[in-house]
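All of the numbers you see were taken from the coordinates with simple rules; none came from a lab. Quick caveat, the model's predicted, so the values are computed rather than measured. No Cβ is skipped: glycine too gets one built from the backbone with ideal geometry, and neighbour counts run over all protein chains shown.
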Amino acid sequence: MNFRPDAAFPQTLDQQDELAAFRRRFVVNEPNLIYLDGNSLGRLPHETATLLQKMVAEQWGNRLIRGWNEGWMALSERIGGKIGQLIGADEDEVIIADSTSVNLFKLALAAVRFQHGRHKIVTDNLNFPSDLYILQGVAQLAERPLHIEMVPSPDGIYGPVEALAQAIDQDTALVALSHTVFKSAYTYDMAAVTRLAHNAGALMLWDMSHSVGSVPADLHAAEADLAVGCTYKYLNGGPGSPAFLYIRRDWQKKLGNPITGWMGQHHMFDFKLAYQRDPSLRHFLTGTPPVLATAAIEPGVNLLLAAGMDQLRAKSIQQTEYLIYLWEQWLRPLGFRLNSPREFHWRGSHVSLGHDEGWRIDQALIHDMNVIPDFRQPDSIRLGIAPLYTSYHDIYEAMRRLRMAVTEGLYKKYTVTTTAVT
Ligand SMILES: *Cc1c(COP(=O)(O)O)cnc(C)c1O
C-alpha cells in the first residue's frame, strides 16, 4: 500500500477497516487518549465488565460453593481449549493456570527432568528477564549440573538464529525462547527453530506472551512440544489474569508437574494421601484456580476468535507498516531509530523507536501529550498495536504528538531518572 502523511489518510483507512467495529466492544472512556500499550495490558471488553458483575452477584452471591459444580471447576480447561484455537492446538492441550512465569517453571523443570544426561538449556538474550530468572532457578533445582547458554543477538533486534543453530547440540535438554520478543518484536520462525531443537534431540518451549492474539501461530504445524503465554496482553484478560500452558498430547503422559497439588490429583475428592496424577492435562494444575480472573479471560478470547487471527494479522501488519512509514517521514530526521525489524515478516505487533532522549520523550508523551506507550531500557519507546481496537487515527495521532514532543522541546523539563512501572 502507498501511504500518505496527511491527516485525511488515517480516516480513509479506518473507513475501509473491516475490523473497525470491534473497537466499540471495548471500554474507551477518554477519546483523546491514545493507548498504545495493549501489549502490556489489553483494554477492558464491555462484556467482561458485565460478566464479572453478574458472576459476583449471581454465582458467588447466590450459588456459593455450589458454583464449583456449576462450571467453575471446568473453566481452566474450557477457556484453555478456546485459546488453543488461536495457537493451532487441540482443546485438550491447553489449560489456564498460575502465571506465565510459574507455568514456564513447571514446564521447563518437567522437560529437563525428562531429558536425563543432557546438561544445557539454550535461550537468547532477547528473552524476557522473568523467563531468564526462571530458567536460572530451574538449573539450580535440576538433579545434575545444568547450565544456561544465553545466545546473544547480533544487534539487540534480530534473533540470533545462526548462533542458536550452533549452540543447540546433543547436550541440550531444552530450548526456551520467546516467539515474539518483548523489546524489538522480532518474531522467530517457530517451525524452523523447533526443527533445530528436534534435530539435536532437545525439547522446544515457546513463550507466546507477546504473540498470542496478534501473530498467528500453529503449534501443531511447527511440532512444538511446549508453550506458555500471557492472557492480560493481546487477549485482554485483565490485570494479572492467569496464564496458559500448552503440552502437546504425546508429552502429557511423559512429563510430570513438579508442583504436585490437589488440583492435579486423579479423583481429587477421594482425598487419598498419596499423589497420583490425573491422566489429563489437569495434572499440570496445582491449587484452586482464581475463578473470577479466569472467567474474565473468555470475552476477550471470543472477540479474537470472531475477528479471526489472519484478519487481525493483516491489519496489524498494515498498521505497523503505516507507523514505520510515519517514522521515516517525520521522526527519523529527529534522531529516532527503528529498534524493530524493518520487514513485517520478522515483526510482531509492536514497534520500538529508540532515541538518545527516549526516557524524557516518553515522559512528555504521557504527561503532556496524552499518549500511553511504554518504555524499555535503554532507549526504546515501545508502541503496541492491538488490531482489535487500535485505529489508524491512533497511530497518526501518536506519531504526530511524538514529533511535537521533540520539535517543541516538551521533553526538556523531565529529568533523566527513571521511575517504577514503565
Ligand atoms: C509479559 C510476559 C511475561 C509475564 O510473566 P508473568 O508471570 O505474568 O509476570 C512472561 N514472559 C514474557 C515473554 C512476557 O512477555
Alpha-carbon Rg/Rh ratio, for the range 71-305, with Rh computed the Kirkwood way: 0.95
Sum of -39500 (n - 2.57) over DSSP H runs of 4+, divided by residues of the chain (222 nm, nearest 500): -10000 deg cm²/dmol
Total charge dipole magnitude, the range 112-212, about the Cα centre, Cβ charges on Lys, Arg, Asp, Glu only, Debye to nearest 20: 240 debye
Spacing of the two label points (7 Å from each Cα toward its C-beta) at residue 6 and residue 191, in nm: 4.3 nm
Distant alpha-carbon pairs in the range 1-97 (separation over 16 angstrom), percent: 75 percent
Listed residue pairs exceeding 29 Å between alpha carbons, taken from 253/315; 120/254; 233/272; 82/315: 253/315; 233/272
Descending principal axes extents, the range 6-55, alpha-carbon based, whole Å: 46, 21, 19
Residues residue 343 and residue 47, FRET efficiency given R0 of 25 Å [Cβ-Cβ distance, rounded to 0.05]: 0.10
Proximal lysines to residue 413, defined as alpha-carbon separation beneath 29 angstrom and excluding residues fewer than eight positions away on the same chain: 183
Loop-located trypsin sites (Lys or Arg not before Pro) in the range 308-363 whose Cβ has at most 13 other Cβ within 10 Å (DSSP): 342
Cα pair distances in the range 233-377, grouped into 5 Å bins until the bin that holds the longest one, percent each: 2, 8, 11, 12, 13, 13, 11, 9, 8, 7, 5, 2, 1, 0
Candidates 402, 75, 64, ranked by Gaussian network fluctuation over the chain, Cα under 10 Å, top entry: 64
Between the range 198-264 and the range 85-131, the Cα center-to-center distance that results, in Å: 6 Å
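Within the set of other residues whose C-beta is less than 14 Å from the C-beta of residue 360, count the net charge using Lys and Arg as +1 and Asp and Glu as -1.
Overall, the nearby charge balance is -4.
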Kirkwood-based shape ratio for the chain, expressed as Rg/Rh from alpha carbons: 0.98
